[in-house]
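Chemist: Starting off with a structure, shown below.
The values are calculated or read from the model by the stated rules, or taken from the named source; none is laboratory data. This one's a predicted model, so the numbers in the text were calculated from it and none came from an experiment. All Cβ positions, even for glycine, are placed from backbone atoms using ideal geometry, and neighbour counts span all protein chains on display.
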């Protein structure tokens, strides 16, 4: 019953200068992308602390998308380069402890790439749908699952 | 001359009660005292609970914003005025921030009263000198109103209150009332004035020395930030007050309020259970220069 | 009532009989750790390997995290639902004399002035069956604190492992009542009794570590302001909370709220005076430095607690010495004062 | 080695070249050593170097003011170099006394090997490749390699990389990296839900004593993120969820700074295999960015730096 009704709920941390503008463009160009995503605008992908990702998952979101400017396009010169290093190890660690890699996705989307944004979100949500609802942090005893 | 300060014997609690479960209370009024101090008038939701409740000036309670946490403040209203209860909070951290966001009609958790109280009996028939700084007036005003509501059994009353600037003066309505009341000698001072300030300018200790209350048959009760207390005690000593003629309150971080959680332990004293009201003589006996 | 005995291979049946009326908790292995856990209804092999647990049995009465009550915002405002431990009776089998004493010691605090309902409820609903130590550890110094590793007045029933048998002795009335109802026990002969006496004596003699407590109050008081001493002994301390969390008498806690939308829980959890945040207030922290916190801990145990309750808050179980990553040794520190 | 150390330490104190000597002394628990921090010449005689010197002393220079003469093993020296890269310690404030290390004895393993509580051993000596354990009335010989910490098998730099005085001759690394990584590889081969269950169970034991953080030289934050309450990222009490998130974030914070000294795991009173996480990160950081903690004094801390060519095949 519940399984058929379930829709993934994911969060997207998008950098203000590129990806957020890209998502904006998707909207203004009336391109469709899944409604499953809630977007949080951040100044730069470098702002994303792995803590944000873990806390989102801990709070029951099914997936986390982090998106910033293409390498070389960072408004702050190197924010996304630093982010790239951080994400590279973060995803390895999350995978190591058993968090499905489909739940956490990184992408570079420029302000002009409206269609790409729609595509990224669509693929991401589909990936999350495949791995199912996030029960990782649920306490079986407490939630009776 | 001795003023006796008692210990909390836990008799505010009824048999079988779970001491950690708070009453749910309703905020009736919020007063913005200064930019970071607010006073809250609050009341029981249940009339029976209200009728059973009693406290003494100087006692404190644990207040909670559900979902944020608990913090400790004194009950700043007077037990002679039980229409509602009051507490005042300076915004400094997580819980106090959440309390500051509360509005009329919101609910808080309240458990208490805890701790000991000002020795009302042994200060009868004496001259009283109240010295308060900043939010330190909160516990004093409970006692001051208590005393004023039984004015005849006390002798001369001096109130000295100070704050950093005119904008930092709390309880302005009380200050005004006491200023008008000929039964008290009221002095207000600020560290730094501003264009509109016509009152006294000066730190509390020198102003106190200038007022120069006589220690003869007098008890001084002081409360305020640690640095003010330190110098006020020196001034009182200069004026000839002995250590057991001075009453003050101690502040330590608390959590349980009932002498268990260990935070407010100094020497063999738990400030929550053995205090917070102490004579200066007592403090000297258990508190060395450091802890 | 005299001593009873039971063959060790009959312990299983004994425990099974107890399990009818009590939840039986005993030393077990879980996740690579020795802990007090629910009995699996089968194994009694702990008699072969059990020395003591890392986490002291205080955790059975004062758990690391305790949910005190639930709150929920309804139409009529907040509703509170008390979360008390259930009234089921439990037996703690295999508690060591030092740890049983520790419970007696913290009873004083939790029952003082304001009674702590959570701790006391569990205490009232529990029966302690102690197991004397025949082979104390290298870190034990209970003998200095007036505790005999093989004996205890602080349990309800005491067992002594004499090799083939468990010698069972009722200590409290509660323990006596229970034993009188039990089947499968036979009376112990004088031979077993003297064997048990011998074991207890030799256990006590094996304890070589000591803590010097003579004139302690005076020594501690006069050393309080000896900053150089406290700085020196705290230098290697890592300021973690191990010593306080593995201590059977440390009892400090914190209270916090957990919140989900309109409902949540108030929980209390162990806290440690070794952490700088313990006494931190927004404007100041009276114990910011590590040496002040270490001093506070030892003074609380060895000076303040005796002043308030007449008992030193240490039982010589040696856990803090054994578990400390840098081997801070309480016997050295108190001895050096 | 021990005599050389005493000689050098005494000289350093006497000549006023250091204010404190930070080394190892005998502990008060059988066969354990304990940090010995002293400014007194008479304490120098108590310094020891033996196969039980487990602590990573490089935690101390960030805490103790003054010039230090500090004893380091290979892994410890790399922690120290990493702290230099982060400007947490000043090279000029230290005289580094390097101990070429053949591995440190894991007391738990030793207990298992001799099939008895280590308390019962009377004396332990290292003879060649064996440990000779004197018991009550018996003697046991245990191969040294069977009782050293797992981390020691993966140690590529047993001889300190940074030192002023090397107290012995260089030790060649054990080429048993495979053995050191065996557990990690096996763990990785289990499926994801299995791995998650494993950590959930492990972190249910955590009592939040913060020993892992406090013994870690790479955990040098003035205020740890768990101690921040506005906003409160992690509750102060221990649900397994919060315990796990705490440790994962800590692991990421020390990634690239961790020298795999294993102190977190050794210190954990409830036996959580923390090194598994840390060692995994060591491998990843090396694989992804070709960075090894504390090997190159002039390298940048790995996360304050980047290369345009950093791997990004995982980014869409």
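Chemist: It is to be established whether one or more residues within the range C:21-31 are in contact with a strand residue (DSSP E or B) (Cβ under 8 Å, 6 or more places away or on another chain), within 14 Å of chain D (Cβ to nearest Cβ), surrounded by 15 or more Cβ atoms within 10 Å (Cβ to Cβ) and under 20 Å from residue C:317 (Cα atoms).
Modeler: The answer is yes; a qualifying residue exists.
Chemist: Sticking with this structure for a sec: Among the residues of the range B:60-70, which ones are buried (at least 21 other Cβ atoms within 10 Å of the Cβ) and within 12 Å of another protein chain (Cβ to nearest Cβ)? Reasoning before the result, please.
Modeler: The initial filter retains those residues of the range B:60-70 that are buried (at least 21 other Cβ atoms within 10 Å of the Cβ), namely B:60-66, B:69-70.
Within the range B:60-70, B:62, B:64, B:65, B:66, B:69, B:70 qualify.
Chemist: Here is a list: D:256, D:271. Which entry is farther than 21 Å from residue C:259 by Cβ, away from chain A (no Cβ under 14 Å), under 22 Å from the mean Cα position of the chain (by Cα) and not in a helix (DSSP H, G or I)?
Modeler: Details: D:256 fails: away from chain A (no Cβ under 14 Å).
Checking each option against the conditions leaves just D:271.
Chemist: Please note which helices (runs of 4 or more DSSP H) are completely contained in the range C:7-121 and include at least 2 residues that are more than 29 Å from residue C:181 (Cα to Cα) and touching a helix residue (DSSP H, G or I) at 6+ places or on another chain (Cβ under 7 Å).
Modeler: Values: elements: C:11-21, C:46-49, C:97-110.
Here the list reads C:97-110.
Chemist: Can you find a residue that is part of a helix (DSSP H, G or I), more than 14 Å from chain C (Cβ to nearest Cβ) and in contact with a helix residue (DSSP H, G or I) (Cβ under 7 Å, 6 or more places away or on another chain) anywhere in the range D:221-243?
Modeler: Checking the range D:221-243: not a single residue is part of a helix (DSSP H, G or I), more than 14 Å from chain C (Cβ to nearest Cβ) and in contact with a helix residue (DSSP H, G or I) (Cβ under 7 Å, 6 or more places away or on another chain).
Chemist: Determine which single condition residue D:173 fails, assuming it passes every other condition in (1) at pLDDT below 90; (2) more than 9 Å from every other protein chain (Cβ to nearest Cβ); (3) not in a loop (DSSP other than H, G, I, E, B).
Modeler: Residue D:173 satisfies every listed condition except (3).
Chemist: While we're looking at this one, here's another question. Could you please find all residues in the range A:80-124 being in contact with a helix residue (DSSP H, G or I) (Cβ under 9 Å, 6 or more places away or on another chain), more than 30 Å from residue D:194 (Cβ to Cβ) and more than 10 Å from chain D (Cβ to nearest Cβ)?
Modeler: Hits for the range A:80-124 are A:110, A:111, A:112, A:113, A:114, A:115, A:117, A:118, A:121.
Chemist: OK, next. Consider residue D:213 carefully, then state whether it is part of a helix (DSSP H, G or I) and at the interface with another protein chain (Cβ under 7 Å from one of its Cβ atoms). I'd like the intermediate steps shown before the answer.
Modeler: Numbers: part of a helix (DSSP H, G or I): yes; at the interface with another protein chain (Cβ under 7 Å from one of its Cβ atoms): no.
No, not satisfied.
Chemist: Tell me whether the range B:43-57 contains one or more residues that are outside any loop (DSSP other than H, G, I, E, B), within 18 Å of the chain's Cα centre (by Cα), surrounded by 15 or more Cβ atoms within 10 Å (Cβ to Cβ) and not assigned by TED's automatic domain parsing to the domain that holds residue B:144. Write out each step before concluding.
Modeler: Within the range B:43-57, the first condition is being outside any loop (DSSP other than H, G, I, E, B), and the residues that meet it are B:43-44, B:47-52.
If we keep only those that are within 18 Å of the chain's Cα centre (by Cα) as well, we get none.
No, every residue in the range B:43-57 fails to be outside any loop (DSSP other than H, G, I, E, B), within 18 Å of the chain's Cα centre (by Cα), surrounded by 15 or more Cβ atoms within 10 Å (Cβ to Cβ) and not assigned by TED's automatic domain parsing to the domain that holds residue B:144.
Chemist: Scan the range B:60-88 for residues that are out of contact with any helix residue (DSSP H, G or I) (no Cβ under 7 Å at 6 or more places or on another chain) and in a loop (DSSP other than H, G, I, E, B) and jot them down.
Modeler: Answer for the range B:60-88, where residues must be out of contact with any helix residue (DSSP H, G or I) (no Cβ under 7 Å at 6 or more places or on another chain) and in a loop (DSSP other than H, G, I, E, B): B:66, B:67, B:82, B:83, B:84.
Chemist: Before we move on, is residue D:53 over 22 Å from the mean Cα position of the chain (by Cα), under 30 Å from residue D:134 (Cα atoms) and buried (at least 20 other Cβ atoms within 10 Å of the Cβ)?
Modeler: Spelling it out, it is not the case that residue D:53 is over 22 Å from the mean Cα position of the chain (by Cα), under 30 Å from residue D:134 (Cα atoms) and buried (at least 20 other Cβ atoms within 10 Å of the Cβ).
Chemist: Might you let me know whether the range B:207-219 holds any residue that is within 14 Å of another protein chain (Cβ to nearest Cβ) and more than 24 Å from residue B:73 (Cα to Cα)?
Modeler: Just the residues of the range B:207-219 that are within 14 Å of another protein chain (Cβ to nearest Cβ), to begin with: none.
No, the range B:207-219 contains no residue that is within 14 Å of another protein chain (Cβ to nearest Cβ) and more than 24 Å from residue B:73 (Cα to Cα).
Chemist: Determine whether residue C:202 is over 23 Å from the mean Cα position of the chain (by Cα), in contact (Cβ under 8 Å) with a residue 40 or more places away in the chain, over 15 Å from residue C:128 (Cα atoms) and surrounded by fewer than 21 Cβ atoms within 10 Å (Cβ to Cβ).
Modeler: When the stated conditions are applied, residue C:202 passes them.
Chemist: Then there is this: What about residue D:54, is it assigned to a loop (DSSP other than H, G, I, E, B) and free of Cβ contacts under 8 Å to residues at least 60 places away in the same chain? Spell out how you get there, then give the answer.
Modeler: Working: assigned to a loop (DSSP other than H, G, I, E, B): yes; free of Cβ contacts under 8 Å to residues at least 60 places away in the same chain: no.
Judged against the criteria, residue D:54 is not a match.
Chemist: Looking at (1) assigned to a helix (DSSP H, G or I); (2) more than 7 Å from every other protein chain (Cβ to nearest Cβ); (3) more than 27 Å from residue C:116 (Cβ to Cβ), which is the one condition that is false for residue C:306?
Modeler: Here residue C:306 meets the rest and fails (3).
Chemist: Which number in (1) within 14 Å of chain C (Cβ to nearest Cβ); (2) touching a residue at least 40 places away in the same chain (Cβ under 8 Å) marks the one condition that residue B:98 misses?
Modeler: Evaluating residue B:98 over (1) within 14 Å of chain C (Cβ to nearest Cβ); (2) touching a residue at least 40 places away in the same chain (Cβ under 8 Å) leaves (2) as the failure.
Chemist: Residue D:290 versus (1) away from chain C (no Cβ under 14 Å); (2) free of Cβ contacts under 8 Å to residues at least 60 places away in the same chain; (3) on the phi < 0 side of the Ramachandran plot: which is the lone unmet condition?
Modeler: (3)
Chemist: Another question about this same structure. Could we say that residue D:282 is crowded, with 18+ Cβ neighbours inside 10 Å, in the same structural domain as residue D:209 (by TED's automatic domain parsing) and touching a strand residue (DSSP E or B) at 6+ places or on another chain (Cβ under 7 Å) here?
Modeler: Working: crowded, with 18+ Cβ neighbours inside 10 Å: yes; in the same structural domain as residue D:209 (by TED's automatic domain parsing): yes; touching a strand residue (DSSP E or B) at 6+ places or on another chain (Cβ under 7 Å): no.
Answer is no for this residue.
Chemist: Follow-up. Hey, which of the strands (runs of 3 or more DSSP E) in the range A:20-124, taking only ones fully inside, have at least 3 residues that are touching a residue at least 24 places away in the same chain (Cβ under 8 Å) and surrounded by 21 or more Cβ atoms within 10 Å (Cβ to Cβ)? Lay out the reasoning, then the answer.
Modeler: Details: elements: A:37-42, A:63-68, A:104-108.
The strands (runs of 3 or more DSSP E) meeting that bar are A:63-68, A:104-108.
Chemist: Please determine whether any residue of the range A:30-50 is within 9 Å of chain D (Cβ to nearest Cβ) and under 28 Å from residue D:309 (Cβ atoms).
Modeler: First, the residues of the range A:30-50 that are within 9 Å of chain D (Cβ to nearest Cβ): A:49-50.
Those still in the list that are under 28 Å from residue D:309 (Cβ atoms) too: A:49-50.
Yes, there is a match, as at least one residue in the range A:30-50 is within 9 Å of chain D (Cβ to nearest Cβ) and under 28 Å from residue D:309 (Cβ atoms).
Chemist: Part of a loop (DSSP other than H, G, I, E, B), on the phi < 0 side of the Ramachandran plot and assigned by TED's automatic domain parsing to the domain that holds residue B:239, is that true of residue B:142?
Modeler: On the way: part of a loop (DSSP other than H, G, I, E, B): no; on the phi < 0 side of the Ramachandran plot: yes; assigned by TED's automatic domain parsing to the domain that holds residue B:239: yes.
When the stated conditions are applied, residue B:142 does not pass them.
Chemist: Mind listing whichever residues of the range D:1-28 are touching a helix residue (DSSP H, G or I) at 6+ places or on another chain (Cβ under 8 Å), crowded, with 22+ Cβ neighbours inside 10 Å and within 13 Å of chain C (Cβ to nearest Cβ)?
Modeler: D:21, D:22, D:23, D:24, listed by residue number.
Chemist: Given the options D:180, D:204, name the one that is surrounded by fewer than 23 Cβ atoms within 10 Å (Cβ to Cβ), under 17 Å from the mean Cα position of the chain (by Cα) and modelled with pLDDT under 95.
Modeler: Details: D:204 fails: under 17 Å from the mean Cα position of the chain (by Cα).
Of the residues listed, the single one that is surrounded by fewer than 23 Cβ atoms within 10 Å (Cβ to Cβ), under 17 Å from the mean Cα position of the chain (by Cα) and modelled with pLDDT under 95 is D:180.
One line per residue, one yes/no per condition, for (1) within 17 Å of the chain's Cα centre (by Cα); (2) surrounded by 19 or more Cβ atoms within 10 Å (Cβ to Cβ); (3) within 14 Å of another protein chain (Cβ to nearest Cβ):
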site	(1), (2), (3)
D:81	yes, yes, no
D:94	no, yes, no
D:97	yes, yes, no
D:129	no, no, no
D:134	no, no, no
D:138	no, no, no
D:151	yes, yes, no
D:155	yes, yes, no
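Chemist: For the range B:24-59, which positions are in contact with a helix residue (DSSP H, G or I) (Cβ under 8 Å, 6 or more places away or on another chain), away from chain C (no Cβ under 14 Å) and more than 20 Å from residue B:176 (Cα to Cα)?
Modeler: If the condition is that a residue be in contact with a helix residue (DSSP H, G or I) (Cβ under 8 Å, 6 or more places away or on another chain), away from chain C (no Cβ under 14 Å) and more than 20 Å from residue B:176 (Cα to Cα), then B:57, B:58 are the ones that fit.
Chemist: Does at least one position in the range B:248-259 carry a residue that is away from chain C (no Cβ under 14 Å) and either surrounded by 15 or more Cβ atoms within 10 Å (Cβ to Cβ) or in contact (Cβ under 8 Å) with a residue 12 or more places away in the chain (or both)? I'd like the intermediate steps shown before the answer.
Modeler: Kept after step one, since they are away from chain C (no Cβ under 14 Å), are these residues of the range B:248-259: B:248-249.
This time we only want the ones that are either surrounded by 15 or more Cβ atoms within 10 Å (Cβ to Cβ) or in contact (Cβ under 8 Å) with a residue 12 or more places away in the chain (or both), so: B:248-249.
Yes, the range B:248-259 contains a residue that is away from chain C (no Cβ under 14 Å) and either surrounded by 15 or more Cβ atoms within 10 Å (Cβ to Cβ) or in contact (Cβ under 8 Å) with a residue 12 or more places away in the chain (or both).
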